[in-house]
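Reviewing the structure listed below.
The values are calculated or read from the model by the stated rules, or taken from the named source; none is laboratory data. Here the structure is a predicted model, which is why all the values come from computation and not from measurement. All Cβ positions, glycine included, derive from the backbone under ideal geometry; neighbour counts span all protein chains shown.
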Amino acid sequence: MLKVFGVVVAAVMLSTNMNTRLDETSSIAPYADDVPSSDEAKRAEVEIGALVAAARGAPPLICALAAQAVRGYGWGDWSDAPTTPLGTVVSLRDHEYGSAELAAADVQLLLESLSSDDPCVRELSIRLLGRRKNETVVNGLVSRLGAPSPLLREVAAFGLGLEEAAGAIDPLIKALRDATAGVRANSAWALGRIESGRALNPLMDLFRDNTPMVRQAAVIAVGRLDSTRAAATLIRVVRQDESPAVRRAAAWALGQLETREAAEVLTGVLTQDSDARVREMTAWALGQIESRSSAPALISAARRDPDDKVRETAVWALAQIEDNSSADALGTIAANDKSSRVRGTAAWAIGQIRGDGGRAPAGLVQLLRDESQDTRLKAAWALGQIADSSTLPAIHAALRVEKSHEVTRALIRALLKSGERSEAALTQLLESRDPQVREAAVRGLAGRSPANPWPWPWPRPRPFP
């Protein structure tokens, strides 16, 4: 069983490293400026070796489950090829193992396996049982909420959350008072997935639990219930809880609720909290609430916060608020911030705010010469949104030196939308080697706008605590 556990864990860790590498190179992945250290690279090599060693001789079912951790998604996702090393011995696409009916004997075997002293057996068993909307499974898990073993109670609460079992609300509410912190936390998480308003008050009672993990789970669950009755209590948590993880979750929950009464408190948290991840989520929450009164605090954070992620999220939030008076400040940020992520998102934000026309800030025009291709793309897109004819010379100059075809197409769009109708200028573009550039020029000569490049920046943090 240790071998089986090793296969699954090694596959998951390998998947994590692969996803991290993808995030670090993708133009839309979060925090791509981070560069993996030599220690991280060495650790990835060790994990690959552990995976290969642990996989030898593993049962096909276990091997297939582990392979899911490193699969892709969509057509051609590595699992739909005509033949693979496992062949047709076992096929574990999501629609086959995620929702297919299990034989009654298999259900009973998996329920009994939840009592195993091996964590891998418990983990695989509950995930195979979860999300099946099976009454036998739900009843079996509810009965185990009262078991003597805290590990069994924990996994039962987890499984009821996977099942989103509406019939388990009362037992789960009772389990919020369990002596074991893991049971309380999993029960809170499960009630958040079920989204029953009856759980609101019992969940808020856990905001004073002595275990941060339990408080965090309860706060997240309340955020999913979408009840403004929780706003005042969440405000207290975001201001006073000693755990940064809990404060961050409370900021997320207030953003989910879009409670305007929280805006003033959140602006204070944005400027005063010592933890960067709390400030980052607070900026996101202010963007969700869209109160223009928070614009000065967001501008201050975008200019001065020492953390790149906080500054970028503050810039994103300003775009959500759409306060036109912040465009010039964003132009300064776009021109001067040390992070290409912040500069690019600032360019996008200016395009969002002044998308109906107006003057393009000088800092935005400056970004056409930025070292980052992604930033130049967003700047060109934003200039197309603003359509300021005074930027035409800068756009022409950028077109003469731009090497990226994608940015070039965005520049052509900006050129046309900003009023360029010179046949000489457009005819020159017809000589490009890029067929899409030539197509854009033809559309311009015909009086039609080229296709809209939409360099949507990925809002960070993602709206999950």
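Here is how the numbers come out for the structure above:
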quantity: Breaking point among (1) of a type in the set (A, V, I, L, M); (2) assigned to a helix (DSSP H, G or I); (3) under 27 Å from ILE299 (Cβ atoms), for ILE412; calculated: (3)
quantity: Residues that are modelled with pLDDT of 95 or more and of a type in the set (D, E, K, R), drawn from the stretch 199-236; calculated: ASP205, ARG208, ASP209, ARG215, ARG236
quantity: Some residue of the stretch 323-340 being closer than 30 Å to GLU242 by Cα and either of a type in the set (Lys, Arg) or in contact with an Asp or Glu (Cβ under 7 Å, 6 or more places away or on another chain) (or both); calculated: no
quantity: Looking only at the stretch 374-403, and only at residues there that are surrounded by fewer than 16 Cβ atoms within 10 Å (Cβ to Cβ) and among the polar types (S, T, N, Q), the one that is farthest from VAL437 (Cα to Cα); calculated: SER390
quantity: Matching entry among ALA414, ALA441, ALA379 (being among the aliphatic types (A, V, I, L, M) and over 31 Å from the mean Cα position of the chain (by Cα)); calculated: ALA441
quantity: Cross-chain or 6+ apart pairs with Cβ under 9 Å, the stretch 391-411 first and over 13 Å from ARG376 (Cβ atoms), then surrounded by fewer than 22 Cβ atoms within 10 Å (Cβ to Cβ); calculated: THR391/SER418; LEU392/SER418; LEU392/GLY419; LEU392/GLU420; HIS396/GLU420; HIS396/ALA425
quantity: Qualifying position, being over 25 Å from ASN210 (Cα atoms) and either in contact (Cβ under 8 Å) with a residue 24 or more places away in the chain or among the aromatic types (Phe, Trp, Tyr) (or both), among ARG153, ARG122; calculated: ARG122
quantity: Any hit, the stretch 101-115, residues being in contact with an Asp or Glu (Cβ under 9 Å, 6 or more places away or on another chain), modelled with pLDDT under 90 and among the charged types (D, E, K, R); calculated: no
quantity: Some residue of the stretch 295-303 being among the basic types (Lys, Arg) and either under 26 Å from the mean Cα position of the chain (by Cα) or buried (at least 24 other Cβ atoms within 10 Å of the Cβ) (or both); calculated: yes
